[in-house]
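I have placed the structure first, in the form of structure tokens, so that the comments after it can refer back to it.
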């Protein structure tokens, strides 16, 4: 039973009791009894109106609370001419106006923040209390999936994604309903790091080439001069003398070729793109390596569609040849290289050892190699050529073993 009903019931019961008492006392005085009963009736009406007036503000408060609970901030109350009620209505209307303005400002700020997040080139990922991803912007969707929770709160790490892309992952926390939730900022650093590394290794190669060429030129001149004295050497020692000079000259030639291979990285020209049929290009390269691979019991499976792409044929050959040689070296002996050509991509998959976790982040770093006699420039050249062609590429481990190099067309 409501408080209003209790008060009304009490007033009615009180007046009935008093009316009954008046009837009992004034039964002999009829006129006075009628006057008292009329007074009781008037009292009941006045009491009802007072109760109604008392509960109107409470009804107003309850209605206002319901509207606020439903987040309905557009309804305003009108004044009724009673000073107390009008004061209460004025306070409520002012509060509703302020809440409506604040909600509108918050919604506008939220929309602006949402637009900024959506347009941001940096990836933004928000996780729930358990670390599961619940929200991300389009930039982050292009970078996912990636391991996030391994990054400590308040720190940043450089992460390699799909073998070729390098991302800076920063982690921070905010509190939601008293509990910590993580969010991550993903920044694409692939091109910046590539250009920085390129500038560094180009400077290093030029410096090395300058110093080596200066030394090699002087040594070669000395060797050629020494050969003139061969006739002055004793006959018994002449062959050893000539062999020593010939061997030294051969090593200088090898050193020149070694330095030239480094210089090739610096001298990669911009691609001259022409419509190039890729199927015969890939077929000829596979045939070129087939004899070598047969001796190592490596088979080449071709699944090639007729695809024409706007590429520099010579440079694209370099890319495919480098990737095929890497696949063969990963296998060693006894394995398969599967080459598939489709309108959207060229993939080269092998059954080798795959990519070790320790090497994953360094694959396309200049001078990094896992081979005993490698120079660490093969994948650097591949990256440079494909980047100049604006062709996306990736190098990933395959399920079941081995790795796959994919070139998007």
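The values are calculated or read from the model by the stated rules, or taken from the named source; none is laboratory data. Since this is a predicted model, take the numbers as computed values, not measurements. Every residue, glycine as well, gets a Cβ built from its backbone with ideal geometry; the counts of neighbours run over all protein chains shown.
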- Message: I'd like to check which strands (runs of 3 or more DSSP E) are fully inside the range 259-316 and have at least 1 residues that are more than 33 Å from the chain's Cα centre (by Cα) and modelled with pLDDT of 85 or more.
- Response: 274-277, 298-304
- Which residue out of 281, 255 is within 30 Å of residue 226 (Cβ to Cβ) and touching a helix residue (DSSP H, G or I) at 6+ places or on another chain (Cβ under 8 Å)? 255
